[in-house]
Amino acid sequence: MAAYANIIIDISHEKLDRPFQYRVPEAMKKQLRPGMQVLVPFGNGNRATRGYVIEVTDEAEFDQERMKEITAIDMEGIPVEARLIALAAWIKENYGGTMNQALKTVLPVRQKTRQKEKKRVALAVSRKAGQEQLLQLQKKHNTARARLLEALLDTPEIPYEVVTGKLNITSAVIRAMEKMGLVMVEKEQVYRNPISFVTEEERNGKDRHFTLNREQQQIVNTITEDYKKAHYNTFLLYGVTGSGKTAVYIELIARAVAEGRQAIVLIPEIALTYQTLMRFYQRFGERVSVLHSKMSAGERYDQFLRAKNGQLDVMIGPRSALFTPFSNLGYIIIDEEHEASYKSETIPRYHARETAIERARQEGASVVLGSATPSLESYYKARQGEYQLLELTARIEEKPLPTCEIIDLREELKQGNRSILSERLQELMEDRLKKGQQTMLFLNRRGISGFVSCRECGHVLRCPHCDVSLSQHNNARMVCHYCGYQEPAVKICPSCGSKYLSAFKAGTQKIEQIVKERFPHARVLRMDLDTTRMKDGYERILSAFANREADILIGTQMIVKGHDFPDVTLVGILAADLSLHTSDYHGAERTFQLLTQAAGRAGRGREKGQVVIQTYSPGHYSIEQAAAQNYQDFYEQEIQYRSLLKYPPVWHMMVMLVASRDQMYAELCSDLLGKKIEQAREQGKLEGLVMVGPADAAVAKISDVYRKVLYFKHKDYRTLVHIKDVLEEFTGRHREFESVTIQFDFNPMNGF
């Protein structure tokens with residue numbers, strides 16, 4: 001059977017969706033695979049050109065007679081781009097989507113951003129020749145040219161902006177003198193600096209070498225001993241909050257860097273970037289950089305270039321930093337590995353944890369997963385022996401874990417307290433203000449409120465384009481958080497005409513108002529998506545709180561993950577139930593993780609910490625075990641539920657989304673795909689498969705697009721990948737599916 005290869009010629013180009021197809025010679029069929037660098041005839045002159053194989057297929061896309069043949073496989077080393085292309089092929093195979101989508105995920109595509117340059121104007125002739133030319137220019141009254149030449153005779157190199165600014169010389173004059181051979185313009189590429197927010201004092205901070213305690217040192221030795229033996233394993237570092245996981249990461253990376261290798265450190269959100277970056281910066285200096293979503297396209301691309309050119313040793317960032325083009329990767333470290341943000345919510349819906357393990361396997365590197373509340377998936381694999389489990393059981397300097405109190409909000413209501421702040425929490429906040437200590441209040445919401453409903457008839461104000469309720473914000477607007485639709489807040493129920501409209505539940509802005517009214521002398525900061533939209537918004541708020549410019553910090557999830565504020569002795573968790581009662585099997589796990597992480601922010605300094613957990617479900621096991629900081633008992637109980645209900649990690653799950661603007665098409669196509677798999681199951685080809693659906697997605701309509709889902713469960717992940725392949729091939733062959741969108745999500749974190 002004939003074989004064909006789709007090949008990218010120029011991977012630096014903005015458009016990666018223009019591969020060229022070549023015939024694969026018979027002798028290359030067995031060895032050619034995605035990611036390989038090849039030589040191919042290209043252009044009218046058929047000049048030998050390097051390209052990268054992105055796909056090998058048996059389908060010819062145009063006339064075979066006119067198709068050129070691959071000349072050779074280039075065996076002169078494997079460039080980092082080739083490795084990333086091979087990783088893209090793995091992502092496409094395991095998570096679905098097109099090869100083009102996978103390529104755009106892993107390759108640092110250069111966008112249309114102006115390259116930053118530093119330019120200098122330099123004297124291009126000898127001093128004697130310059131003086132002679134100066135006399136000629138003065139005689140001809142070429143004053144501007146004479147002025148520039150005179151300045152260069154005094155200072156042979158002058159910054160371009162000084163020439164055009166202070167000397168008032170136009171670019172036309174400079175170009176004319178270049179043509180005369182009197183001056184030359186030297187250009188030097190300047191990389192955009194993503195850490196411009198770092199102060200001079202911090203830049204000049206001392207190189208921080210940590211003295212590891214016995215547990216930390218033992219873990220570092222275990223990992224490095226395996227590393228030296230070329231046993232590149234995946235390690236799960238389970239350490240209680242404040243146990244010093246970051247110090248372990250830094251020591252591991254320092255040893256790798258000493259051997260000429262590089263490291264990638266993934267963090268879950270850019271809220272962690274500032275503090276994490278400072279610790280690494282003070283150890284590794286200018287050879288550490290950062291990526292995050294608030295950076296410009298130019299800044300991001302520059303950091304990839306610096307990494308590729310060998311100017312960096314460490315890259316810190318969220319999910320996308322995983323694809324940093326390091327040529328000699330030593331470690332991939334994933335901090336707070338349990339975080340849902342490591343799962344992509346766009347096609348391809350890859351998980352950074354599994355993708356990191358695959359990249360490490362391809363490149364001969366080790367992976368370290370760190371968390372105080374490991375994901376059930378990682379802990380399950382560690383218990384099964386797939387990962388190696390390492391533990392930090394105590395806080396640094398043996399500091400005690402905070403004490404936790406559970407407040408039953410039902411009892412607060414019975415006693416007449418209708419405030420979002422329980423009496424006990426108010427009492428403790430008052431005490432901390434008197435002592436000059438800091439408090440953090442955590443709420444897993446933003447905005448003034450959640451949905452708005454009529455107390456008379458129960459009508460809920462909903463988005464006309466999506467199957468979700470509108471949220472009320474303090475600018476008197478109702479907003480849809482899915483499609484961005486807005487309308488003015490209403491005072492009369494559109495269904496029954498009642499005046500009794502009320503917002504359900506409070507958001508961070510409302511909490512801020514309540515706290516300022518209750519504690520008028522307290523300095524209050526709020527940190528959520530609304531207050532951190534501006535560039536460096538996270539850093540400004542975190543820096544202000546760290547510098548004791550505020551007494552109370554109110555925020556959403558971003559304030560409770562990884563931050564270290566030694567003066568925080570009280571953490572109040574205002575609505576522990578919000579993440580518990582969701583239509584998602586992760587609800588109990590996320591609640592336990594959030595509460596444990598939030599509690600871990602208290603008592604990291606000299607004073608012991610205290611935590612108040614306010615809830616309407618005080619007897620729920622996730623809340624009880626979080627208060628007790630008992631991960632083991634929570635895991636044992638939760639894994640039993642997952643096993644009974646055939647959920648990950650005991651079983652694997654794949655969700656398929658079928659979406660269309662035509663409701664009938666969405667229903668017909670999802671039914672057809674369900675019957676396709678049902679037939680295969682009846683024929684005994686998919687033994688052990690559990691299929692649920694088709695059914696409406698959790699949000700059945702977004703932006704006037706109707707959404708149906710099918711769920712597939714099986715103990716073998718490869719069986720689900722096979723089903724994905726079958727359905728992709730089936731929909732590709734039938735024109736009926738041209739008007740629908742098909743997406744796949746494996747072991748979903750949020751679903752559709």
ARG23-LYS685 pseudo-label distance in nm [points 7 Å out on the Cα-to-Cβ vector]: 3.3 nm
Approximate spin-label separation THR49-ARG735, in nm, with each point projected 7 Å along Cα-to-Cβ: 3.4 nm
Positive dipole terminus of the chain, leading residue within TYR281, SER320, GLN743 (C-beta point charges): TYR281
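Given charges of +1 on the Cβ of Lys and Arg and -1 on the Cβ of Asp and Glu, with all other atoms neutral, how large is the dipole of segment 599-688 about its Cα centre, in debye to the nearest 20?
Computed about the Cα centre, the dipole is about 400 debye.
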Accessible area per residue, Å², the chain with all protein chains present, probe 1.4 Å: 46 Å²
Rounded FRET efficiency, nearest 0.05, which uses the C-beta distance separating GLN218 from LYS187 and R0 of 35 Å: 0.10
Difference of contour (0.36 nm per residue) and Cα-Cα distance, ASN750 to VAL726: 6.2 nm
Within segment 619-634: backbone nitrogen closer than 17 Å to the SER643 label point (7 Å, Cα to C-beta): 632-634
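Ignoring ligands, DNA and RNA, what percent of the 1.4 Å accessible area of the chain is carbon and sulfur?
Exposed carbon and sulfur together represent 47 percent of the surface.
Write down the percent of antiparallel bridges among all DSSP beta bridges whose residues are both part of the chain, to the nearest 5.
55 percent
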Positive minus negative residues near VAL571 (Lys, Arg vs Asp, Glu; Cβ under 12 Å): +2
Net charge dipole size for segment 81-177 [Lys, Arg +1 and Asp, Glu -1 on Cβ; Debye, nearest 20]: 220 debye
For the chain, with +1 on Lys and Arg beta carbons and -1 on Asp and Glu, the positive-most of PHE545, GLY603, VAL368 along the dipole: PHE545
Highest-first arrangement of 409-416, 360-367, 696-703, where packing means the average Cβ count within 10 Å: 360-367, 696-703, 409-416
Linear extension gain, THR164 paired with GLU430, 0.36 nm per residue minus alpha-carbon span: 89.7 nm
Sites MET664 and GLU93 - FRET efficiency at Förster radius 22 Å, r taken between beta-carbons, to 0.05: 0.10
Residue-span extension gain [ALA698 to ALA172] - 0.36 nm each, minus C-alpha spacing: 183.1 nm
Ellipticity estimate at 222 nm from DSSP helix runs (n ≥ 4, -39,500 (n - 2.57)) divided over the chain, nearest 500: -10000 deg cm²/dmol
Net charge, GLU178 excluded, C-beta distance under 15 Å - Lys, Arg +1, Asp, Glu -1: +4
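Charges only on Cβ, +1 for Lys and Arg, -1 for Asp and Glu: so what's the dipole of the chain about the Cα centre, in debye to the nearest 20?
Using only the charged Cβ atoms, the result is roughly 2120 debye.
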Per-pair calculated FRET efficiency, R0 = 60 Å: LYS139 and ALA60 via Cβ, rounded to 0.05: 0.25
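By average Cβ neighbour count within 10 Å, what is the ranking of 37-45, 243-251, 340-348 from highest down? Can you show the working numbers first?
Details: 37-45: 14.3, 243-251: 22.7, 340-348: 18.1.
My ranking of the peptides, most packed first, is 243-251, 340-348, 37-45.
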Rounded if a/c under 1.5, otherwise prolate or oblate - segment 630-752, Cα gyration tensor axes: oblate
Two-site label geometry, GLU259 and ARG127: point separation in nm, points 7 Å out along Cα→Cβ: 5.4 nm
Selected from TYR342, THR531, ASN417, residue furthest toward positive end of dipole (the chain; charges at beta carbon): THR531
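The values are calculated or read from the model by the stated rules, or taken from the named source; none is laboratory data. Since we're looking at a predicted model, the values are computed, not measured. So basically every Cβ, Gly included, is an ideal-geometry build from the backbone, and we count neighbours across all protein chains shown. Please note that ligands, DNA and RNA were not included when accessible areas were found on the heavy atoms of the full protein model with its side chains. Shrake-Rupley method; radii C 1.70, N 1.55, O 1.52, S 1.80 Å.
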